[in-house]
Amino acid sequence: MTDLTPLGAALRTALDGRWAHVRQDARERLTAEEFMPDPTLDMEAHRSRTFDQMRRLAETGQPREGFPVEYGGKDDVGGSVTAFEMLAHGDLSLLVKAGVHWGLFGGAVANLGTQRHHEQYLDAIISFDLPGCFAMTEVGHGSDVQSLRTTATFDAATDELVVHTPDPSATKTYIGGAARDGRLAVVFAQLVTGGRSHGVHAVLVPIRDESGRACPGVTIGDCGAKAGLAGVDNGTLAFDHVRVPREALLNRFGDVAQDGSYSSPIEDPSRRFFTMLGTLVRGRVSVAGAAGSATKTALAIALRYAVQRRQFAAPGSDEEVVLLDYRTHQRKLLPALATTYALHFAQGELVSALHDVQTATEPDERAQRELESRAAGIKALTTWHATATIQACREACGGAGYMWENRLPMLKADTDVFTTFEGDNTVLLQLVAKGLLTGYRDEFGQMDTLGMVRFATRQFAGAVAERTVAGALVQRLVDAAARRDEAVLLDRGEQLRLFEDREAHVLDGLARRLRAAGSAPGEAFAAFNDAQDHLLLAARVHIERIVLEAFVAGIDACEDDAAAALLDRVCDLHVLATVERDKGWFLEHGRLTPARAKAVTAQVNRLCAELRPHALTLVEGFGIPHEWLRASIADPRVAP
Ligand SMILES: Cc1cc2nc3c(=O)[nH]c(=O)nc-3n(C[C@H](O)[C@H](O)[C@H](O)COP(=O)(O)OP(=O)(O)OC[C@H]3O[C@@H](n4cnc5c(N)ncnc54)[C@H](O)[C@@H]3O)c2cc1C
């Protein structure tokens, strides 16, 4: 990695956080030749290269670290998610293939299976000798996973489960690894014993033999060309009464005995299913981290170009103006850069929470639900931020940004679907709102409209935002602001109070609205449906408050004074750009006077000008080795 300026290095230390050693290891291990994208490959060549990269990644031993100690791993949940985040600076096809195989497929075997599955499969999964798939989505049901139609029916006569696709709409689709490489699939199906359905469970089903031929009764299709991620072999799977031993059921949360009797530690089928899904939250956290890395890569390219490229001379001058000296150009990139910093700190908190919840000796149900809610919300905000920012970066580089050799088209194409897989963002934000309305008492993930409305009606008594990290610090800042006569927009306490107040108001209004609805099923659904925009707003502003708190805590933890001072300004820009975007709401609700609203815009401009000289230093803080950028327009020779 090229030498960093002292300030760039201090920022990088602040951003590297709890798993700094994992980030550093990745910087040294992931060579550009092996792991960075090659835009010249066609689909077949890209799939083949991705497969080879998976083998090499397995050889590094890194994928093992997130698995249990008994299987040679380190149980290092946070470390493995951070390593995944770093991998996302490279070829995103490799990242997604790795995420499907080790994260989703391996994660399902580890978390939904029991010792017999672990002993039989984990070693081969970790070494990538047994490539796998995670087959949940069907043609007819994507977001609504509880309504999947594939069945796994117990046959007592042979002690087997019969996995079947009853009609074309139950065909598994978009399944990563299905089209070319996958040999074993975790198939999500309605489990039926003695004529009774017990809800969706996961079953291990071989789909290909070692020579690559489809197993008897399994029909495999290829989704073919996609908008991006050409190196991932997404495909379809249909099953015609495929028989697997009863023991193929991943039975941690529900089991079938030899006599066909069903047992589960969780009585309610819906609760059981969402508990099962909850154990797979790591995938969602990982996608959020990956989206953050792709955003940073795009910003690094666009900002490096923006400090070199010149267009138009100012009147009376022979010298043409550098793009980043134009205010519009600053506005295109610098608020996005600031929000990328904010989301980075929020992601760090999320990964820490994930690690602590999943490695705790005693399970903490409420912490698990909060984690699932935050993972859903941060995944939604970060992936939306990625697509918007990468597009802005593409435009900021003009025609050069449209050339494959400059990386941005591939980043755009590959990250687009991050808003859809691992949970569609709109659906995820509805789940966040539900968690808020029900105080996380109910199982997370279930979209039971009627229950939610009834719950809001009975229980909800004013929205009091619970602080996340650094609660005492946030309170101190808020109190200090409250003591001031005139609140100013650059006061951190005032900013925190503004975000808290907005969240409380939106949530309170939502609860009142739902409470006003009747609780008959039809009425409740109509009220809920009518309030969906409100629901999404509540979720977004809640997550934005959490993100701000994480940023504040990150600055507080920064040990270098100059870096902390710079981060302070970046945080201001993030906050004021957010307020500017939501000016309509703040004005409508009397939170900003028109004069103050105008001042916000002026302040965003001022902060852009103030941060402009630091743009490349802030890029340095991302800690991306220059060789990883792979864009000819991102010339490293230009000094910050
Ligand atoms: C490249 C790629 C790879 C994938 N890999 C895998 C894989 O390996 N394994 C796997 O199992 N799946 C995989 N998927 C599937 C992915 O998880 C689903 O696409 C996703 O869950 C969304 O489902 P859907 O496509 O059916 O969309 P839908 O659920 O049909 O959603 C379509 C639209 O309707 C909206 N919508 C849906 N429900 C509501 C609601 N209640 N209220 C308001 N709006 C709503 C959504 O916001 C969205 O805009 C992959 C998908 C892609 C594209």
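Here the helices (runs of 4 or more DSSP H) wholly within the range 321-432 that include at least 2 residues being surrounded by 22 or more Cβ atoms within 10 Å (Cβ to Cβ) and within 16 Å of the ligand (Cβ to nearest atom) are 365-396, 408-415. Taking the numbered list (1) away from the ligand (no atom under 16 Å from the Cβ); (2) in contact (Cβ under 8 Å) with a residue 60 or more places away in the chain; (3) among the β-branched types (V, I, T) in turn, T151 passes all entries but (2). With respect to H164, determine if the residue is modelled with pLDDT of 95 or more and within 15 Å of the ligand (Cβ to nearest atom). Spelling it out, it is not the case that H164 is modelled with pLDDT of 95 or more and within 15 Å of the ligand (Cβ to nearest atom).
The set of residues in the range 214-234 that are on the phi > 0 side of the Ramachandran plot and either away from the ligand (no atom under 16 Å from the Cβ) or of a type in the set (S, T, N, Q) (or both) contains only G217. Within the range 487-517, restricting attention to residues that are more than 33 Å from the chain's Cα centre (by Cα) and more than 27 Å from G554 (Cα to Cα), the residue that is modelled with the highest pLDDT is A516.
For the range 505-534, filtered to residues that are in a loop (DSSP other than H, G, I, E, B) and away from the ligand (no atom under 14 Å from the Cβ), the residue that is surrounded by the most Cβ atoms within 10 Å (Cβ to Cβ) is A517.
The condition of being among the small types (G, A, S), within 16 Å of the ligand (Cβ to nearest atom) and over 27 Å from the mean Cα position of the chain (by Cα) holds for S169. Among the candidates F444, F421, the residue that is modelled with pLDDT of 80 or more and of a type in the set (F, W, Y) is uniquely F421. Picking from residues in the range 172-211 that are away from the ligand (no atom under 12 Å from the Cβ), outside any strand (DSSP E or B) and of a type outside the set (S, T, N, Q), the one that is surrounded by the most Cβ atoms within 10 Å (Cβ to Cβ) is I207. Exactly one residue out of T40, T13, T2, T50 is at pLDDT 95 or above and out of contact with any Lys or Arg (no Cβ under 8 Å at 6 or more places or on another chain), and it is T13. Consider only pairs whose beta carbons are under 8 Å apart and that are at least six residues apart or on different chains; among these, list those whose first residue lies in the range 214-226 and is part of a loop (DSSP other than H, G, I, E, B) and whose second residue is within 16 Å of the ligand (Cβ to nearest atom) and of a type in the set (G, A, S). That search, which allows pairs on different chains as well, returns C223/A179; C223/G235. Of L592, L573, all but one fail to be assigned to a helix (DSSP H, G or I) and under 19 Å from L548 (Cβ atoms); the exception is L573. Of the residues in the range 37-57, none is assigned to a helix (DSSP H, G or I), closer than 30 Å to D560 by Cα and in contact with a helix residue (DSSP H, G or I) (Cβ under 7 Å, 6 or more places away or on another chain). Scanning the range 106-141 for residues being within 16 Å of E210 (Cβ to Cβ), within 12 Å of the ligand (Cβ to nearest atom) and in a loop (DSSP other than H, G, I, E, B) gives a total of 0.
Before we move on, is L237 out of contact with any strand residue (DSSP E or B) (no Cβ under 9 Å at 6 or more places or on another chain), touching a residue at least 12 places away in the same chain (Cβ under 8 Å), within 16 Å of the ligand (Cβ to nearest atom) and closer than 23 Å to V145 by Cβ? It is false that L237 is out of contact with any strand residue (DSSP E or B) (no Cβ under 9 Å at 6 or more places or on another chain), touching a residue at least 12 places away in the same chain (Cβ under 8 Å), within 16 Å of the ligand (Cβ to nearest atom) and closer than 23 Å to V145 by Cβ.
The values are calculated or read from the model by the stated rules, or taken from the named source; none is laboratory data. A quick note: this is a predicted structure, and the numbers were derived from the prediction, not measured. Cβ atoms come from the backbone with ideal geometry, glycine included; neighbour counts cover every protein chain shown.
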